[in-house]
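The values are calculated or read from the model by the stated rules, or taken from the named source; none is laboratory data. Nothing here was measured: the structure is a model prediction, and the numbers come from that model. Neighbour counts run over all protein chains shown; Cβ positions are idealised from the backbone, glycine included. Only protein heavy atoms, including side chains, enter the accessible area calculation; ligands, DNA and RNA are left aside. Shrake-Rupley method; radii C 1.70, N 1.55, O 1.52, S 1.80 Å.
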Amino acid sequence: MQNKGKYYITTAIAYTSGKPHIGNTYEAVLADSIARYKRADGYDVRFQTGSDEHGQKIEDRAKRAGMTPKQFVDKNAAEIRRIWDLMGTSYDRFIRTTDPDHERQVQKIFKKLYDQGDIYLGQYKGMYCKECEAFYTKSQIVDGDKCPVCGSTVHEENEPAYFFKMSKYADRLIDYIESHPDFIRPVSRKNEMMNNFLKPGLQDLCVSRTSFSWGIPVDFDPKHVVYVWLDALTNYITGLGYDADGKSSDLYRKYWPADLHLVGKDIIRFHTIYWPIFLMALGEPLPKQVFGHPWLLQGGEKMSKTKGNVIYADDLVDIFGVDAVRYFLIHEMPYENDGVITWDLVVERTNSDLANTLGNLVRRTIAMTNKYFGGVVENKGAEEPVDADLKETVTALYPQVEELMDELRVADAITAIFNVFKRLNKYIDETEPWNLAKDEAKKDRLATVLYNLTEGIMAGASMLAPYLPNTAEKISRQLNCKLYDFDTLTGFGQYPSGNKVTENPEILFARLDYEKDVKDKVEAIMEKQKAAYAAEQAAMGESPKDGESPKDGESTVGEISIDDFAKIELKVGEVLACEPVEGSKKLLCSKVRVGEKILQIVSGIHRAYEPEDMVGKKVIVVCNLKPAKLAGVLSEGMLLCAEGPDGSLSLLTADNQEIPAGSSVS
């Protein structure tokens, strides 16, 4: 392949609060497939991933676990890296925000921005809820001293903090985004950033805290630790050897700016607003593109450790194998919309695509070659018109995949490859080798058909290698031929005539029956998971809430009249987007469509629902609630939710998903 230049790709760094579930793992696998593709396509690739290891949540969880914060993040960072390695992630550096080189540069970056006037010392004022890690105004407080979200007692806090002047660079960023149409992808994410955040105006950003100590100290004011995004986002340059004093490494000068930041759609705001503004302030180039990928959702029910139904990559691999899991993750995620994973869906996809379409094709071709020609593949040149369409399909594959990968339509790219395998299976049906073998006069035609099949499989396997590297290598070994370079794939006939395939082909993917082969294993995984979670909670000293809960059906408030109830406007709403509220452990901010209106609603449900769980739900909304700010974020309504005696939360939703958003509830 010709040298096409450098390509620097990064993932978001994973938070070290625990073991990454399959939705977290998706991003690493997606990035790896892009990195492997670019390497095979002639690029000098640098691929960085890693772990985000600071913050009050880490400090608190470590304390409950009886560990120091460093011991806690060492354990969880090792687990993240183990999962990434298990999935074959070919990163060049796994950076940790506790790495000494990163920490030192963050301190230098902070000092540089302070010295040039972009960071200033101010006050973080308000009524503070320790449980929610959030500040509230006095008008938001309930019953004099209670948090409006969790009900805990709040206290007044006036915490000194450093702030970054975001508004100083807002107009410049708007101009940049408008003049660089590919900077934010997909386009819908760009529109959201412009319309919901940039154009309404940016507030200055808190970049230090004094209420906890697990973070990178501000070296000139060590009572402060660097807060969240100024620490986490800068890993993309510190991992290359960036130096705030102007002594950056050759690696940094070679690979920066990044060609692609691959991040979840829930954090694209921080990567397309905070991060480019930080870079502008530092005088560094902006990344070429930020892609906000959709979420992988668990079908059927919410992921819950207490239920033991969280899907982890290593459990999937134990049953299906690495490449089957990689295939599902890559294939099942649309370009812009969320994907769904369940155990039975993985079984279905493994059987239909991997075992049938690909595995059966390779096995049949090798078996027929051994049966009819002792394993020798020869091109006798006995062509017929049906061959032309097959060759056209095979030789068009690389240009087609190249175009799709340039647009980051990775699921469509792997679908295109499997369409070639489907075409090869159809070719078997069209040519009927078993009938050709009955006629000695058609022996050369039979040999040509098997050669065309072998050549087509090799071309497809070569294109498949970035996505399913182990499978591609197995096919290569069984056909006794090295995988082809991409730039040779527009021709047909590379497979060496006279070559011999393996006598004993291995099964690439075994067919599975969910009830017989998978169900018992899944149930065992769930029981093990529940036991592990119970042990973890016990080790942290977690216990049920103090005090008795009201009996079932017992009222805890006074009676109201029917006239009072009639004042409440209840409607069905559809959650379009959801993200955590910065600085709060409990709050989620949802965009909810109710008829023609889209309401922004802040809810204290994060302990029960992750943002990805919310999207697409048909929820019950109080539409005429007076707007209020929670943790500084405007809320224009309320989502109805039930709380069980054990403190568990459950949103009230419309059972019939066909009921349109905006329908009245009575």
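The residue among TYR533, PHE486, SER497 whose Cα reaches farthest toward the positive pole of the charge dipole of the range 422-549, with charges on the beta-carbon of Lys, Arg, Asp and Glu, is SER497.
About the centre of its Cα atoms, the chain shows a dipole size close to 1020 debye [charges on the beta carbon of Lys, Arg (+1) and Asp, Glu (-1) only; nearest 20 debye].
Cut-off under 30 Å on the C-alpha distance; same-chain residues fewer than 8 positions from LYS426 excluded. Which lysines are left, in chain and number order? Excluding near neighbours in sequence, the set is LYS371, LYS380, LYS391, LYS438, LYS442, LYS443, LYS474, LYS482, LYS500. Binning all Cα-Cα separations of the range 47-98 at 5 Å, short to long from zero, yields these whole-percent fractions: 5, 21, 27, 20, 13, 10, 4.
Put simply, when 483-489, 242-248 are sorted by average Cβ atoms within 10 angstrom per residue, most first, you get 483-489, 242-248. At a probe radius of 1.4 angstrom, the accessible area of the range 218-295 per residue rounds to 27 square angstrom. Solvent-free Debye calculation, one equal scatterer per alpha-carbon of the range 346-456: log10 I(q)/I(0) at 0.09, 0.12, 0.24 Å⁻¹ equals -0.27, -0.47, -1.31. Checked against a 27 Å cut-off, the cross-linked pairs LYS146/LYS530; LYS112/LYS168; LYS57/LYS108; LYS199/LYS571; LYS70/LYS223 give Cα-Cα distances beyond that limit for LYS146/LYS530; LYS199/LYS571. Put simply, the C-alpha atoms of the range 486-538 give a gyration tensor, and the ellipsoid matching it has half-axes of 48, 18, 10 Å, longest first.
Charged neighbours of ALA411, selected by a Cβ distance under 11 Å, balance to -2 (K, R count +1; D, E count -1).
Take the Cα radius of gyration of the range 353-411 and divide it by 2.2 N^0.38 Å, N being the number of residues; the result is 1.51. As a ratio to 2.2 N^0.38 Å, the alpha-carbon radius of gyration for the range 421-472 is 1.35.
Could you work out what % of the accessible surface of the chain is carbon and sulfur, using a 1.4 angstrom probe and leaving DNA, RNA and ligands out of the count? Taking all protein chains in place, the chain shows 48 percent carbon and sulfur surface. Counted over all Cα-Cα pairs of the chain, pairs farther apart than 40 Å make up 39 percent. Taken one residue at a time, the phi angles of the range 573-578 give Karplus couplings (6.51, -1.76, 1.60, θ = phi - 60°) of x, 10, 6, 8, 7, 7 Hz. Gly and Pro are set to x. For the range 400-477, averaging the sequence separation of C-alpha pairs within contact (under 8 Å, six or more residues apart) and dividing by the residue count gives a relative contact order of 26 percent. Percent of Cα pairs in the range 198-321 per distance bin of 10 Å, from zero to the largest separation: 10, 28, 29, 23, 10, 0. In sequence order, the range 226-236 has phi-based couplings of 5, 9, 6, 6, 5, 7, 5, 5, 6, 4, 5 Hz under the Karplus curve 6.51 cos²θ - 1.76 cosθ + 1.60, θ = phi - 60°, and Gly or Pro positions carry x. When the P(r) of the range 171-248 is calculated, the portion above 15 Å amounts to 71% of the C-alpha pairs.
Over all alpha-carbon pairs in the range 1-131, figure out the percentage whose distance exceeds 26 Å. Of the Cα pairs, 41 percent sit more than 26 Å apart. List the aspartates and glutamates whose alpha-carbon lies under 14 Å from that of LYS6, not counting same-chain residues fewer than 8 positions away? In chain and number order, the partners are ASP41, ASP44, ASP92, ASP250, ASP259. Taking the square roots of 5 times each eigenvalue of the Cα gyration tensor of the range 162-206, largest first, gives ellipsoid semi-axes of 21, 11, 9 Å. Past the 27 Å Cα-Cα mark, which pairs from LYS519/LYS591; LYS75/LYS254; LYS585/LYS618; LYS190/LYS422? Long pairs (Cα-Cα over 27 Å): LYS519/LYS591; LYS75/LYS254; LYS190/LYS422.
Calculate how many DSSP beta bridges within the chain are antiparallel, expressed in % of all such bridges and rounded to the nearest 5. Taking every DSSP beta bridge within the chain, about 70 percent pair in antiparallel fashion.
Ligands, DNA and RNA aside, PHE492 has an accessible area near 60 Å² when probed at 1.4 Å. Local charge sum around GLY460 (other residues, Cβ-Cβ under 12 Å, Lys/Arg +1, Asp/Glu -1)? Its environment carries a net charge of +1. Only Cα pairs under 8 Å and 6+ residues apart enter the sum, and on that basis the relative contact order of the chain stands at 13 percent. Relative to the globular-protein estimate of 2.2 N^0.38 Å, the Cα radius of gyration of the range 412-505 stands at 1.12. Using only the C-alpha atoms, the convex hull of the range 229-385 corresponds to 246 Å³ per residue. The GLU430 and GLU348 beta-carbon pair, evaluated with R₀ = 22 Å, returns a calculated FRET efficiency of approximately 0.20. Could you tell me which of rounded, prolate or oblate describes the range 312-409, using a ≥ b ≥ c as the square roots of the eigenvalues of the alpha-carbon gyration tensor, with rounded for a/c under 1.5 and, failing that, prolate when a/b is larger than b/c and oblate otherwise? The shape class here is oblate.
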